[in-house]
Amino acid sequence: MGAGPAMLPVAIRYRQLSFERAARRYDAVSEVQRLMARRLVKLLQLEGESPRHVLELGCGTGHLSELLVGKFPGARLLCTDLSRGMLEQTRRRLGGDGARRVHWLQLDASRVRDGLRARFDLIASSAMVQWLDDLPAHVDGVGQRLRPGGRYLVSGFATDNLPELALALARFDVAPGIGHSREQLERACSAAGLRLVAFQSESIPRVYRDAREFFEVLRAMGASRYPGGSPLAPGALRALMRDYGEGNASAHGVHATWRPWYALLSR
Ligand SMILES: C[S@@+](CC[C@H](N)C(=O)[O-])C[C@H]1O[C@@H](n2cnc3c(N)ncnc32)[C@H](O)[C@@H]1O
């Protein structure tokens, strides 16, 4: 099963369009996600394993794909994403040698259970699960595609990710952002019969030139909230940016705190 427009629920189709639009600029603005992919792969080093069949979900422009190809030279990697444009960026990035053992598929990660038939030794996704409506269903679906003993290496954002933005949004009656807690992940694991082998979280403070730059980075990376709520009118967005800038400025610029987590699950 693919991820062609006709088959997708409206919310997923909306997400797909956001990331199609972001595909060409995402790599240049996703410094935090690049860092996350590096940290995530380190979790696996504790295990010292060498999987033969690897599936990546939501590969984006390939921050994690590149590391997986380098780390597992004997493995076949199936790179998937909801967005064709993103897949194309990863394909270009890997090129040459890597490309010979990498396969590509446009796939909705919320339907991984029915969208694929194969089973994998390792499934990986970085900075993708925050876009899924139903984490337990996703984790259960991933569990169905893992071989016994297989692993799911996954990173996401915590519920208190970008707290400065959540505070500013609250002043405009917009609910706080996307993300999952460790407890939510643990519950999803136990419902799916998976074991949480390792979990780490961190804060990554960043400074942007001004609030406009920070919001532009979010937009360029495809992060958009609708259809969970209504889009902000242009006037309200300008007021939000002003409010954010005033509340989070220092002599160096405007601050934002990213809060990712990293986990290794085992079947
Ligand atoms: C924030 S980017 C992360 C990309 C990459 N993994 C990285 O570390 O930079 C999120 C990616 O997940 C993809 N995505 C979002 N929802 C998805 C879904 N339901 N199924 C598959 N991919 C999805 C987007 O197209 C985008 O490429």
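Structure above, values below:
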{"read-out": "Percent antiparallel among DSSP beta bridges (both partners in the stretch 5-266, rounded to 5)", "value": "55 percent"}
{"read-out": "Calculated FRET value between Arg171 and Val207, using beta carbons and R₀ = 22 Å, to 0.05", "value": "0.50"}
{"read-out": "Top of Gln33, Gln45, Gln106 by mean-square fluctuation, Gaussian network on the chain, Cα under 10 Å", "value": "Gln45"}
{"read-out": "Helical contribution to [θ] at 222 nm, DSSP H n ≥ 4, -39,500 (n - 2.57), averaged over the chain, rounded to 500", "value": "-13000 deg cm²/dmol"}
{"read-out": "Net charge contributed by nearby residues that have their C-beta within less than 11 Å of Ala256 (K/R +1, D/E -1)", "value": "0"}
{"read-out": "Calculated diffusion of the stretch 5-266, Stokes-Einstein form, Kirkwood radius summed over Cα pairs, 25 °C and 0.890 mPa s, µm²/s", "value": "130 µm²/s"}
{"read-out": "Virtual spin-label span in nm between Arg195 and Ala28, 7 Å along Cα→Cβ", "value": "4.6 nm"}
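Where a number appears in this text, it was derived from the coordinates with a stated rule and is not lab data. The structure displayed is predicted, hence computed values, not measured ones. Here Cβ is always computed from backbone atoms with ideal geometry, including for glycine, and neighbour counts include all displayed protein chains.
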